[in-house]
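The structure appears below as structure tokens.
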Amino acid sequence: MTAETGKEISLRAALGATIPALMALITASLLGLPLQIPFLLGIFLAGVVGRRYGYRWAEIEGAALQGMNQCAFALLILMLIGATIGIWIAAGIIPTFIYFGLQWLSPRFFLAEACLLTFLMALATGSDAGAFGTIGVALLAIGHGLGIPLPVTAGAVTGGGIAGHIVSPLSDLSAMALSTNGGNILELVKLFTRRVVPALVITLVFYGLYGFFWTGQVNSTATAR
């Protein structure tokens, strides 16, 4: 941040405002305190550093508004994630998916299918959190019904969701990267795809082999109607 009336802020001063705010955020998260407190602390410290280096309030306010504009698309995506999860639960989509998933998905290839389905969901929505809260919940229940260990199913769901989140052009990760650094969305997606898709293919092969040589026993309690 530079301006005609202010000096360039040093790295030491920037860290002096950032690190206490991060420590306060971590402490508040661990203690279950309201997160507004560390955020307000971060705003206060950033303002103090800006004033110390000679910036006027109008300049600090303009920089804050610019940062908020850069994050607006990501915040909109987060709002849509919550709405999507609520709609899926209220409409009964998750229980329906569990019911038919227990009949259609094979225990032998379930882990590879769970990873791929979560990947496609995250790719379509641009959110791993949205995929975890919708289809991920259903896949965990289906995996339990098929007798597959919960940690293994969670690993498959998490891997697919993160891969889809990185590759998706609708991802808030891509939106933040482009809004702060500029660039072309297609070039960014191609860059992510070249690195993520090979790892995803290896993961699907691993889960396919794991499920092929280890088939869980159907849990009669979980599959009972």
* To do: Scan (1) assigned to a helix (DSSP H, G or I); (2) open to solvent by less than 40 Å² (accessible area, probe 1.4 Å) for the single condition THR84 breaks and write down its number.
  => (2)
* Asked: Which residues, counting only those in segment 105-164, are in a helix (DSSP H, G or I), modelled with pLDDT under 90, closer than 18 Å to VAL196 by Cα and of a type in the set (S, T, N, Q)?
  -> THR125
* If we scan segment 178-192, do we find a residue that is within 30 Å of GLN66 (Cα to Cα), modelled with pLDDT of 70 or more and open to solvent by less than 40 Å² (accessible area, probe 1.4 Å)? -> yes
* Asked: Is there any pair with a first residue in segment 16-44 that is farther than 18 Å from ALA64 by Cα and a second that is of a type in the set (Ser, Thr, Tyr) whose Cβ atoms are under 8 Å apart and which are 6 or more apart or on different chains, and what are they?
  -> LEU33/THR27; LEU35/SER29
* To do: State whether one or more residues within segment 116-123 are out of contact with any Leu (no Cβ under 9 Å at 6 or more places or on another chain), open to solvent by less than 10 Å² (accessible area, probe 1.4 Å) and not aromatic (Phe, Trp, Tyr).
  => yes
* For the subset of segment 150-171 comprising residues that are without any contact (Cβ under 8 Å) to a residue 12 or more places away in the chain and not aliphatic (A, V, I, L, M), which member is most open to solvent (accessible area, probe 1.4 Å)? -> PRO151
* Asked: Checking VAL48 against (1) open to solvent by less than 90 Å² (accessible area, probe 1.4 Å); (2) within 22 Å of SER127 (Cα to Cα); (3) aliphatic (A, V, I, L, M), which test does it fail?
  -> (2)
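The values are calculated or read from the model by the stated rules, or taken from the named source; none is laboratory data. What you see is a predicted model; the values in this text were computed from it and never measured. Cβ atoms come from the backbone with ideal geometry, glycine included; neighbour counts cover every protein chain shown. Remember, those area values only see protein heavy atoms, side chains included, never the ligands or the DNA or RNA. Shrake-Rupley method; radii C 1.70, N 1.55, O 1.52, S 1.80 Å.
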